[in-house]
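Okay, structure first, notes after.
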Amino acid sequence: MNIRTIDIHIIHFFRQASVPLARLGLFIVFFWFGILKVFDVSPASPLVQALFEETIPFLDFATFLFYFGIFECLIGIMFLLPKVERIVIPLLFIHLIMTTGPLVMLPESTWTGFMIPTLEGQYIIKNVLIAAAAILVAAQVHPFSRKK
């Protein structure tokens, strides 16, 4: 077996594994982080609460956090289910828009200087990778069939 043949086998394996692994990774991150919010043990809760107080202070934060955690768990579970990509991708992007709010609305918590994020800021910026994985999953969706 020559190096080209090995290379082809490795590439073929990665092509076969990429979408299932992206789905699994998205599930793990969303379900895990969501369940931490459901049980009110998330290290992100203070940042979520600060953003919450800036945007929707008329709701009870504990109730919001619980349902936001459920929302994240639901996104995670949906990434494991084939044929629901058209539902979960928009939900994910709504979530990403919501969770990037602190970068603009709470700069004192997310930046130490120009283009120098805090740990919380890095936590938010890594969502670019989540969006890329979701796009990989969405790229595998088959178009709707034509009506005849």
Whether any residue in region 106-116 is exposed (fewer than 12 other Cβ atoms within 10 Å of the Cβ), under 10 Å from the mean Cα position of the chain (by Cα) and part of a helix (DSSP H, G or I) is what I want to check. no
Kindly indicate the residue of region 128-146 that is in a helix (DSSP H, G or I) and closer than 15 Å to residue 88 by Cβ and also nearest to the chain's Cα centre (by Cα) among those meeting that condition. 130
Checking residue 24 against (1) assigned to a helix (DSSP H, G or I); (2) modelled with pLDDT under 95, which test does it fail? (2)
Within region 40-53, the residues that are out of contact with any Gly (no Cβ under 8 Å at 6 or more places or on another chain) and of a type outside the set (Ser, Thr, Tyr) are 40, 41, 43, 44, 46, 47, 48, 49, 50, 52, 53
Among the candidates 129, 96, residue that is within 28 Å of residue 17 (Cβ to Cβ), surrounded by fewer than 16 Cβ atoms within 10 Å (Cβ to Cβ) and touching a residue at least 12 places away in the same chain (Cβ under 8 Å): 96
Filtering region 42-81 down to residues that are in a loop (DSSP other than H, G, I, E, B) and touching a helix residue (DSSP H, G or I) at 6+ places or on another chain (Cβ under 9 Å), which residue is farthest from residue 140 (Cα to Cα)? 59
Kindly indicate whether residue 33 is surrounded by 13 or more Cβ atoms within 10 Å (Cβ to Cβ) and touching a Phe, Trp or Tyr at 6+ places or on another chain (Cβ under 6 Å). no
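Conditions (1) touching a residue at least 40 places away in the same chain (Cβ under 8 Å); (2) at negative phi; (3) loosely packed, with under 14 Cβ neighbours inside 10 Å; (4) within 21 Å of the chain's Cα centre (by Cα), marked per residue:
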| position | (1), (2), (3), (4) |
| --- | --- |
| 21 | no, yes, yes, yes |
| 25 | yes, yes, no, yes |
| 40 | no, no, yes, yes |
| 44 | yes, yes, no, yes |
| 47 | yes, yes, no, yes |
| 50 | yes, yes, no, yes |
| 56 | no, yes, yes, no |
| 62 | no, yes, yes, no |
| 71 | no, yes, no, yes |
Of 92, 103, the only residue that is within 17 Å of residue 127 (Cβ to Cβ), more than 11 Å from the chain's Cα centre (by Cα) and among the hydrophobic types (A, V, I, L, M, F, W, C) is 103
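The values are calculated or read from the model by the stated rules, or taken from the named source; none is laboratory data. Since we're looking at a predicted model, the values are computed, not measured. Note that each Cβ is placed from the backbone with ideal geometry, even for glycine, and that neighbours are counted across all protein chains shown.
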